[in-house]
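S.K.: Provided herewith is a single structure, encoded as structure tokens, for subsequent inquiry.
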Amino acid sequence: MTSSEAPAAPAAPAAPTDPRPVLGAALGLVGELVDVVDVADLDRPTPCTEFAVRDLLSHLVAVTHRVAYLAGGGDAYDRPSFVSGVPDDGWPAAFRAGAGELTAAWADDAVLARTVRHPAGPMPGAFAGLAYVQELTTHAGDLAVAIGREDLLDEDLAEAALATSRRFLPAEPRGGPIPFGPVVAVPDDAPAHVRLAGWLGRG
């Protein structure tokens, strides 16, 4: 059996609970992984075939700034997908600074009900928070695989991100305006981070 079989239709989205605790957990996981990246790892490939580790780190730092900016009412597309100018040994500090900025921006409870401008379109902040949990958790898996530190992954967090992904991202259609490839079949007993990657169209 594999997890490639999709439900006939996704469940209707329900108002999520406060996503900030799990968003904080995802930030903490990524931060722990960034801390153990060695300079010698920076040119390693990652499961994101277009990214080396250096590119993935640049994107992750950019995501923290983008999520903080979005919470304050900005359009996520106004912020770049990558940062520049970070020295090879400066990624942990850059990520910590971005994570601190994000956490401060989301401290106001009003963010959760506010309509924010996510790349997928306008949505309540609570839904955007869940979307970024998925992104951070998925990229945590990418980074862990790239540097051989899958032992650091939080499979409960990946399981929660997978459940959210299955609710909001149907198996079909994919491609075009939906920036995910077809579901990749993986065994049902695979680790959660592997099943999450498969659902998002990555082997």
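The values are calculated or read from the model by the stated rules, or taken from the named source; none is laboratory data. These numbers come from a predicted model, not from an experiment. Glycine also receives a Cβ, built like all others from the backbone with ideal geometry; neighbour counts cover every protein chain displayed. In case anyone asks, the SASA skips ligands and DNA or RNA and just uses the protein heavy atoms, side chains included. Shrake-Rupley method; radii C 1.70, N 1.55, O 1.52, S 1.80 Å.
S.K.: Determine whether residue 156 is open to solvent by 60 Å² or more (accessible area, probe 1.4 Å) and more than 16 Å from the chain's Cα centre (by Cα).
M.R.: For residue 156, the condition - open to solvent by 60 Å² or more (accessible area, probe 1.4 Å) and more than 16 Å from the chain's Cα centre (by Cα) - is not met.
S.K.: Being more than 16 Å from the chain's Cα centre (by Cα), over 30 Å from residue 126 (Cβ atoms) and not in a loop (DSSP other than H, G, I, E, B) is the filter here; which residues of the range 18-66 pass it?
M.R.: Listed by number, the residues that qualify are 39, 40, 41, 45, 52, 54.
S.K.: Right, here's the next one. How many residues does the range 66-103 contain that are open to solvent by 70 Å² or more (accessible area, probe 1.4 Å), of a type in the set (S, T, N, Q) and closer than 24 Å to residue 40 by Cα?
M.R.: Of the residues in the range 66-103, 1 are open to solvent by 70 Å² or more (accessible area, probe 1.4 Å), of a type in the set (S, T, N, Q) and closer than 24 Å to residue 40 by Cα.
S.K.: Hydrophobic (A, V, I, L, M, F, W, C) and without any contact (Cβ under 8 Å) to a residue 12 or more places away in the chain - does that describe any residue in the range 25-32?
M.R.: no
S.K.: List the residue pairs whose Cβ atoms are under 8 Å apart, where the first residue sits in the range 187-203 and is open to solvent by less than 20 Å² (accessible area, probe 1.4 Å), the second is part of a loop (DSSP other than H, G, I, E, B) and at pLDDT 95 or above, and the two are 6 or more positions apart or on different chains.
M.R.: 198/190
S.K.: Let me confirm something: among 66, 117, 96, 44, which residue is of a type in the set (Lys, Arg) and without any contact (Cβ under 8 Å) to a residue 24 or more places away in the chain?
M.R.: Exactly one of 66, 117, 96, 44 is of a type in the set (Lys, Arg) and without any contact (Cβ under 8 Å) to a residue 24 or more places away in the chain, namely 66.
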